[in-house]
Amino acid sequence: MRHLEISNGQKVVEELDTVTKDSEEKALEIFDSLDTLGGSFDDIEKGIAKLEATLNINIDILENMEKKFPETTLFKIAISKNRDTLKSVVEFKETIANSHDEILYITDTMQYQDIHRQKIERVVNLMRTLANYMNHLFSGKVEDSKRVSSARHIEGDSTSDLLSDEDLEKLLEDFGSK
Amino acid sequence: MSDEELQALLSGDVDLDSIDIEESPKAKSSTASETVKESSSEGDEHHEENVRSIVAEPPAANDDNKVIGTLDDVTKDSEAKASEIFDSIDRINESLGDIENKINSDVKSNLEYNIELFEKLSNKFPKIEAFKTALDNNKTCIESMENITDNIYVNQDEIMMIMDKMQYQDIHRQKIERVINVMRSLALYMNHLFSSSVDDSKRTSSANHIEGDKNTEELVNEDELETLIASFGNK
């Protein structure tokens, strides 16, 4: 009697259980990382706000100095440099705001994981129900060990490794000579 | 079904008892209750109840229950979502890289220039507090910039970690695909095993009741039978 050889990877229910469990764990870890990123962005925003305030004060002072000493180019250059940096600050603020949005988007997209878990769980439950149903359907009162084994060849089968008449005769002769 | 597929499924002469099929607690309770079955009629009823609760009926073959279809949806959708997440993470990483570069070059050099300028100004005009305050502010800002770049390094590590974790998605997809293939092979194998040269439409339908059956609810009792015979006689 030939049977299905089942390797660990082919235990479908177990395999799906591993997938749901592991993906849930990984999703939680990713959510934690996203939280850390979000918190860190808040800190970066605070630092950028501080820089912005400092640059504005610098520009105020330097503009006053420029008015008092219009012949010096030093203050003009300094004002221009501070204004350029201020432009970068505006870009930083936008970038961080966008990154915040990306984090929210990722968090939102990660929700699919929960839906997929539910779908896989339904599949697992269906398979278990089907397996139980078939076990019940195919159950009998006679134990497998007490069953007569199936004939290797039944008339009409296309079995190819049968004994030929010659083989059979030889075998009978062998028995006779013993 | 191809010979190779059949071979894959039927490889090895493993004894049925040696196949390690882990039964769920439900299945185990079913087996356990089957043993009780033979002991008493009370136990028999209990067993029947048990089995009925476990295997009340096979799952309905509706669209929601198409297991392969569901798993296909899951793999396809999770792949699409994972790719979107990778893109987002990548964008964040690039943005942080840009901020870091600008801080390390333009911003820091500007702040250093400011510090140098305000140092000169506060030395020349020691009575003007505004220069000293501006000098201190710019110095504090340099420290803040250091903090920001440190934060960015930590964030970039965190992003690498997220990308690493997201790799599991690909492994899960492969696992689910293997499950799908095993199930499809099994379905084909069973179709092959149960196939016949006789068409279903030409088969005799199963008897509603066979002697020994326990379900007698729909059977006609003797009174009903007599009434039926009498009604035939009247015609």
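Every number here is computed from the coordinates shown, using simple stated rules; none is lab data. A quick note: this is a predicted structure, and the numbers were derived from the prediction, not measured. Because the Cβ atoms are built from the backbone with ideal geometry, glycine has one as well, and the counts that use them run over all protein chains shown.
Quick notes
- Placing pseudo-labels 7 Å out from each Cα toward the beta carbon at A:SER158 and A:SER177 gives an inter-label distance of 3.7 nm.
- For the stretch A:12-138, the spread of Cα coordinates along the three principal axes comes to 103, 15, 14 Å, biggest extent given first.
- Reach of B:LYS214 by Cα under 22 Å, taken over lysines that are not fewer than 8 positions away in the same chain: A:LYS141, B:LYS37
- Efficiency of FRET between B:LEU225 and A:THR109 - r from beta-carbon atoms, R0 51 angstrom, step 0.05: 0.15
- 3J(HN,Hα) along the stretch A:87-92: 4, 4, 4, 4, 4, 4 Hz, from the Karplus curve 6.51 cos²θ - 1.76 cosθ + 1.60 with θ = phi - 60°, whole Hz, x for Gly and Pro.
- Trypsin sites (Lys or Arg not before Pro) lying in DSSP loop within the stretch B:85-178, provided at most 15 other Cβ fall within 10 Å: B:LYS127
- Here the gap between A:ASP101 and A:LYS87, fully extended at 0.36 nm per residue and compared with their Cα-Cα distance, gives a gain of 2.9 nm.
- Put in order of Cβ neighbour count within 10 Å, fewest first, the listed residues A:GLU155, B:GLU129 become A:GLU155, B:GLU129.
- Residue order, fewest to most surrounding Cβ atoms within 10 angstrom, among B:VAL179, B:VAL67, B:VAL220, B:VAL198: B:VAL198, B:VAL220, B:VAL67, B:VAL179
- Virtual spin-label span in nm between A:ASN56 and B:ALA207, 7 Å along Cα→Cβ: 9.5
- In order through the stretch A:108-114: 3J(HN,Hα) via Karplus (6.51 cos²θ - 1.76 cosθ + 1.60), integer Hz, x for Gly, Pro: 5, 5, 5, 4, 4, 4, 5
- Each label point was placed 7 Å from the Cα along the Cα-to-Cβ direction; for A:LYS76 and A:GLU14 their separation is 8.1 nm.
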